[in-house]
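**Student:** Before anything else, here's the structure in question.
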Amino acid sequence: MKKTLLLAVLLCCSYAQAAVIWQDYRVSYLSGDHYRLGDNNRDIYTFEHAAATSWGDSFFFLDHIRPDQGDLSNYAEWAPRWSFSKLGLADTKWGLISDVGVATTVEMSNSATHLLYGLGLNLDVPLFRYLQVNLYRRHNDGRSDNWQTTITWGLPFTLGEQEFLYDGFIDWASGKDHYRANLNMTSQFKWLLSKPLNIKDKIYLGFEYVLWLNKFGVRDQPTVRSDEYNLNLLLKWHF
């Protein structure tokens, strides 16, 4: 825990000294009824902040989770990454790789705080707005450390005069002791609703689909169903 708090302080100091190149604030609403490990029916309100800075990039989100039954809860992640090229440490362009750097993530829930650290890669692939691969070592609260690979992407496209965005992430985490290897693929298919309505801010309407095998490292079995296949209604506002 002390290491996590120390890193959080260092990250805050670094971010405070950064020049922000661009930033984007978002709020979204999700509603679904196929969640696992808890109440099946949940509404989730999410705040997000994404930014490119003079030292790299940063992504933060906070989920406020409201189940039909049970306690309210919150979950947050902050994922700052330091770019070798922006810091002038190395020329990182090679093939499809457009940048390399140090990737970190802090996962914060009501019960635990986990710290991830490792190598981040930006890939330059045609049609994609961004495609990133992060290779992490997980420093976990309350259980053994393990490994994780995270892939994130954003793929914009148009159909006629309408604009769409398909984005999301894939997390694969290794197993250790009683914690099972698990795969979480969460993606969002969104239509830019604000364009035909002539609204200045970007407002998206669509859905989020979650495929999560062995959710939270819990083995799926007849008595405890942890494999999640979950379609959610989505409304997202960028401002």
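The values are calculated or read from the model by the stated rules, or taken from the named source; none is laboratory data. Since we're looking at a predicted model, the values are computed, not measured. Here the Cβ is made from the backbone with ideal geometry for all residues, glycine too, and neighbour counts use every protein chain on show.
**Student:** So which pairs qualify, if the first residue must be in the stretch 180-203 and surrounded by fewer than 17 Cβ atoms within 10 Å (Cβ to Cβ), the second must be part of a loop (DSSP other than H, G, I, E, B) and of a type in the set (Gly, Ala, Ser), the Cβ gap must be under 8 Å, and the two must be at least 6 apart or on different chains?
**Tutor:** 181/174; 181/175; 200/194; 201/194
**Student:** Which of the residues that make up the stretch 192-234 are of a type in the set (S, T, N, Q), in contact with a strand residue (DSSP E or B) (Cβ under 6 Å, 6 or more places away or on another chain) and assigned to a strand (DSSP E or B)?
**Tutor:** Filtering the stretch 192-234 for residues of a type in the set (S, T, N, Q) gives 194, 198, 214, 221, 223, 226, 230, 232.
If we keep only those that are in contact with a strand residue (DSSP E or B) (Cβ under 6 Å, 6 or more places away or on another chain) too, we end up with 194, 214, 230, 232.
230, 232, listed by residue number.
**Student:** In the stretch 176-191, how many residues are in a loop (DSSP other than H, G, I, E, B) and either touching a His at 6+ places or on another chain (Cβ under 9 Å) or at pLDDT 95 or above (or both)? Let's see the steps before the verdict.
**Tutor:** Keep residues of the stretch 176-191 that are in a loop (DSSP other than H, G, I, E, B), which gives 177-178, 180-181.
Those still in the list that are either touching a His at 6+ places or on another chain (Cβ under 9 Å) or at pLDDT 95 or above (or both) too: 180-181.
Total satisfying the criteria: 2.
**Student:** Further, regarding this structure: Can you tell me which residues in the stretch 221-239 are more than 19 Å from residue 41 (Cα to Cα) and surrounded by fewer than 16 Cβ atoms within 10 Å (Cβ to Cβ)?
**Tutor:** 221, 222, 223, 239
**Student:** Given the conditions (1) surrounded by 13 or more Cβ atoms within 10 Å (Cβ to Cβ); (2) under 18 Å from the mean Cα position of the chain (by Cα), report the number of the one that residue 124 does not fulfil.
**Tutor:** Evaluating residue 124 over (1) surrounded by 13 or more Cβ atoms within 10 Å (Cβ to Cβ); (2) under 18 Å from the mean Cα position of the chain (by Cα) leaves (2) as the failure.
**Student:** Looking only at residues that are crowded, with 16+ Cβ neighbours inside 10 Å and of a type outside the set (Ser, Thr, Tyr) in the stretch 140-161, which one is farthest from residue 202 (Cα to Cα)? Before you say what the answer is, go through the steps one by one.
**Tutor:** Of all residues in the stretch 140-161, those crowded, with 16+ Cβ neighbours inside 10 Å come to 140, 146-148, 150-153, 155.
Restricting the remaining residues to those that are of a type outside the set (Ser, Thr, Tyr) gives 140, 146-148, 151, 153, 155.
Values: 140: 37, 146: 38, 147: 36, 148: 32, 151: 25, 153: 19, 155: 16 Å.
Residue satisfying both the conditions and the ranking: 146.
**Student:** While we're on this one: Quick check: anything in the stretch 162-169 buried (at least 17 other Cβ atoms within 10 Å of the Cβ), in contact with a Lys or Arg (Cβ under 7 Å, 6 or more places away or on another chain) and modelled with pLDDT of 95 or more?
**Tutor:** yes
**Student:** If a residue counts only when it is in contact with a His (Cβ under 8 Å, 6 or more places away or on another chain), which strands (runs of 3 or more DSSP E) contained entirely in the stretch 102-172 have at least 1 such residues?
**Tutor:** Hits in the stretch 102-172: 113-123, 130-139.
**Student:** Identify the single condition in (1) closer than 26 Å to residue 192 by Cβ; (2) outside any strand (DSSP E or B) that residue 28 does not satisfy, given that it satisfies every other one.
**Tutor:** Result: residue 28 passes all but (2).
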